[in-house]
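Asks: Before I ask anything, here is the structure I am working with.
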Amino acid sequence: MVHGQVIGIPFRRRKGEQAPPPPKEVAWNPTIESNLPYKEVKYFKFVEGAGWQALNIGEILPVGQRVMIRIVMTEPYYEVSKAVSSQMTNIQIGKNGVSEYDIVGALTVYSPQILTVTIGVDKNYVQWNPVVESNVEYQIVDCYIDTIPAIVGKYYPINSKLRVAITTKGAVDEVTQVT
């Protein structure tokens, strides 16, 4: 071992010789590749009878060990929509709290473990990007979501209360329809 890494030595076979058996243990050396930034990542291993316990980088684990990678998102409207790894099998994604996602899988014989994560927008949120069109000139259009001024480009939970206040320019003008 050099600096916590296992060094692989090439195995040359002579004609008729069998390859050595695959290793029964692997070092936990994860690499998380993501299309969007995330805030924090934590690692856990499942111990029979004790549940999920903290997992340290460089720790030696048996092949088949169940591991969990907890990713904390930078924004509550981001979600882990996909996780792929050739060094883990039976990958499952679950939401744990508002901005945390748990990725659970079992280790294969390869190290380091490379996990490619796709982060998208949670289907329970919508981005506020209004388009205001009018057949007459207006003075001001104010939008509020749950009594707070709405910010263009910000994500809000679906089913939030929306209030629109329109100030017309002409004294006789009135709003007859809002879509």
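Asks: In region 133-179, what count of residues is obtained for those that are of a type in the set (Ser, Thr, Tyr), surrounded by 13 or more Cβ atoms within 10 Å (Cβ to Cβ) and touching a residue at least 24 places away in the same chain (Cβ under 8 Å)?
Replies: Looking only at that region, the number is 4.
Asks: I would also like to ask the following. Does Asn159 meet the test of being more than 30 Å from Val67 (Cα to Cα), at pLDDT 90 or above and assigned to a loop (DSSP other than H, G, I, E, B)? So that I can check it myself, show each step before the final result.
Replies: On the way: more than 30 Å from Val67 (Cα to Cα): yes; at pLDDT 90 or above: yes; assigned to a loop (DSSP other than H, G, I, E, B): yes.
Yes: the conditions hold for Asn159.
Asks: Ok, one more. Can you spot a residue in region 75-88 that is more than 21 Å from the chain's Cα centre (by Cα), open to solvent by 30 Å² or more (accessible area, probe 1.4 Å) and over 28 Å from Pro157 (Cα atoms)?
Replies: Narrowing region 75-88 to residues more than 21 Å from the chain's Cα centre (by Cα): none.
Looking through region 75-88, none of the residues is more than 21 Å from the chain's Cα centre (by Cα), open to solvent by 30 Å² or more (accessible area, probe 1.4 Å) and over 28 Å from Pro157 (Cα atoms).
Asks: Which members of region 22-46 meet the condition of being loosely packed, with under 12 Cβ neighbours inside 10 Å and assigned to a strand (DSSP E or B)? Outline the logic, then answer.
Replies: Of all residues in region 22-46, those loosely packed, with under 12 Cβ neighbours inside 10 Å come to 22, 24, 31, 33, 35, 37, 40.
Result: Thr31, Glu33, Glu40.
Asks: Return the residues of region 51-62 that are open to solvent by less than 60 Å² (accessible area, probe 1.4 Å), aliphatic (A, V, I, L, M) and either without any contact (Cβ under 8 Å) to a residue 24 or more places away in the chain or assigned to a loop (DSSP other than H, G, I, E, B) (or both); say none if nothing qualifies.
Replies: Residue satisfying the conditions is Leu55 alone.
Asks: Name the single residue that is nearest to Gln65 (Cα to Cα) among those in region 93-122 being in a loop (DSSP other than H, G, I, E, B) and free of Cβ contacts under 8 Å to residues at least 40 places away in the same chain.
Replies: Narrowing region 93-122 to residues in a loop (DSSP other than H, G, I, E, B): 96-99, 108-112, 122.
Those still in the list that are free of Cβ contacts under 8 Å to residues at least 40 places away in the same chain too: 96-98.
Working: Asn96: 21, Gly97: 25, Val98: 27 Å.
Within region 93-122, the match that is nearest to Gln65 (Cα to Cα) is Asn96.
Asks: Kindly check whether there is at least one residue in region 115-125 that is under 26 Å from the mean Cα position of the chain (by Cα), of a type in the set (Asp, Glu) and open to solvent by less than 90 Å² (accessible area, probe 1.4 Å).
Replies: Yes, region 115-125 contains at least one residue that is under 26 Å from the mean Cα position of the chain (by Cα), of a type in the set (Asp, Glu) and open to solvent by less than 90 Å² (accessible area, probe 1.4 Å).
Asks: Filter region 68-92 down to the residues that are more than 11 Å from Leu115 (Cβ to Cβ) and in a strand (DSSP E or B) and list them by number.
Replies: Met68, Arg70, Val72, Met73, Tyr78, Glu79, Ser81, Thr89, Asn90, Gln92
The values are calculated or read from the model by the stated rules, or taken from the named source; none is laboratory data. Since the model is a prediction, treat every value here as computed from it, not as a measurement. Glycine gets a Cβ as well: all are built from the backbone with ideal geometry, and neighbour counts include every protein chain shown. In case anyone asks, the SASA skips ligands and DNA or RNA and just uses the protein heavy atoms, side chains included. Shrake-Rupley method; radii C 1.70, N 1.55, O 1.52, S 1.80 Å.
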